[in-house]
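So the structure is just underneath, and the comments pick up after that.
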Ligand SMILES: [Zn+2]
């Protein structure tokens, strides 16, 4: 067998280099076939099957924290597939559209719902609120497809400075190191205030979740026998909002944290533009 020519070898090497340089999204799962691991839940009052692709879900769940603060329950239409829509459902909706029995539907395999970056809003009030508040989180009608559908909104990557996903649970957002910024900062500040009330030292209340906050949160969780995840969940929020012990429960557990925070550049001044509602109010 003849050896490949130098030109052919150079071509093969170039092809390999080009493949290696392609972004991971080039190999993303096909439209409507996203694996569960690439999806995350978004809140709906009556159903638990609304999901979006991870980044758009994180942005949506963050935006919803601001909606909650404004007293607006923000969610999709009460139908399966109003957010992420798998290929089978895209095909069914396209058939209904072709038969003249449904709304205009994208060609199956080309829907932004199938990419997990679109959601159909439930009410015009939600749309008006989103027009005022959605852009900084990457959600706006301005860059959505389907201009004739007021309810259809799309997420655009690259606008929001990506943060941990606060999750679909109302009143008990998941906060982790890196949480902060629009809509999340007021909740981080609340967490920090509660940690301080429970005796933490070295934690600011500026609304940015840094290493000191994480250490204090772990110490708080362990002091109560909870798993020391360093992230808030329902049980942690319940414990945080319970009355603080008179003795300042975790003060000794996180001694020295102030130095670590200073070494990491300290806390920033995350925005606290919208105050979180009381969990009891949700
Ligand atoms: Zn839609």
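Annotations for the structure displayed:
- Odd one out for residue 162 among (1) away from the ligand (no atom under 16 Å from the Cβ); (2) assigned by TED's automatic domain parsing to the domain that holds residue 98; (3) on the phi < 0 side of the Ramachandran plot: (2)
- When residue 210 is tested against the conditions (1) at pLDDT 95 or above; (2) more than 19 Å from the chain's Cα centre (by Cα), the lone failure is (2).
- Answer residue from region 44-57, given it is touching a strand residue (DSSP E or B) at 6+ places or on another chain (Cβ under 7 Å) and assigned to a helix (DSSP H, G or I) and is nearest to residue 140 (Cα to Cα) among those: 56
- Region 109-136 residues that are closer than 16 Å to residue 69 by Cα and in contact (Cβ under 8 Å) with a residue 24 or more places away in the chain, paired with ones that are in a helix (DSSP H, G or I) and within 12 Å of the ligand (Cβ to nearest atom) (beta carbon under 9 Å, 6 or more apart): 130/141; 134/141
- Selection status of residue 116, crowded, with 21+ Cβ neighbours inside 10 Å, under 17 Å from residue 54 (Cα atoms) and within 16 Å of the ligand (Cβ to nearest atom): yes
- Qualifying residue in region 59-77 (condition: more than 21 Å from residue 187 (Cα to Cα), crowded, with 16+ Cβ neighbours inside 10 Å and away from the ligand (no atom under 12 Å from the Cβ)): no
- Test: residue in region 115-124 that is over 24 Å from the mean Cα position of the chain (by Cα) and modelled with pLDDT of 95 or more: no
- Annotation: of all residues in region 119-150 being more than 13 Å from the ligand (Cβ to nearest atom) and assigned to a loop (DSSP other than H, G, I, E, B), the one that is surrounded by the fewest Cβ atoms within 10 Å (Cβ to Cβ) is 123.
- Single residue of region 34-43 satisfying the filter (touching a helix residue (DSSP H, G or I) at 6+ places or on another chain (Cβ under 8 Å) and not in a loop (DSSP other than H, G, I, E, B)) that is farthest from residue 80 (Cα to Cα): 38
- Among (1) assigned to a loop (DSSP other than H, G, I, E, B); (2) surrounded by fewer than 20 Cβ atoms within 10 Å (Cβ to Cβ); (3) within 14 Å of the chain's Cα centre (by Cα), the one test that residue 109 misses: (3)
- All helices (runs of 4 or more DSSP H) inside region 169-252 with 3 or more residues being in contact (Cβ under 8 Å) with a residue 60 or more places away in the chain and more than 20 Å from residue 40 (Cβ to Cβ): 185-197
- Selected residue [within 16 Å of the ligand (Cβ to nearest atom), surrounded by fewer than 21 Cβ atoms within 10 Å (Cβ to Cβ) and within 16 Å of the chain's Cα centre (by Cα)] from 156, 92, 169: 156
- Qualifying position, being within 30 Å of residue 120 (Cβ to Cβ) and modelled with pLDDT under 95, among 142, 168, 197, 146: 146
The values are calculated or read from the model by the stated rules, or taken from the named source; none is laboratory data. As the structure is a prediction and not an experimental result, all values here were calculated from the model. All Cβ positions, even for glycine, are placed from backbone atoms using ideal geometry, and neighbour counts span all protein chains on display.
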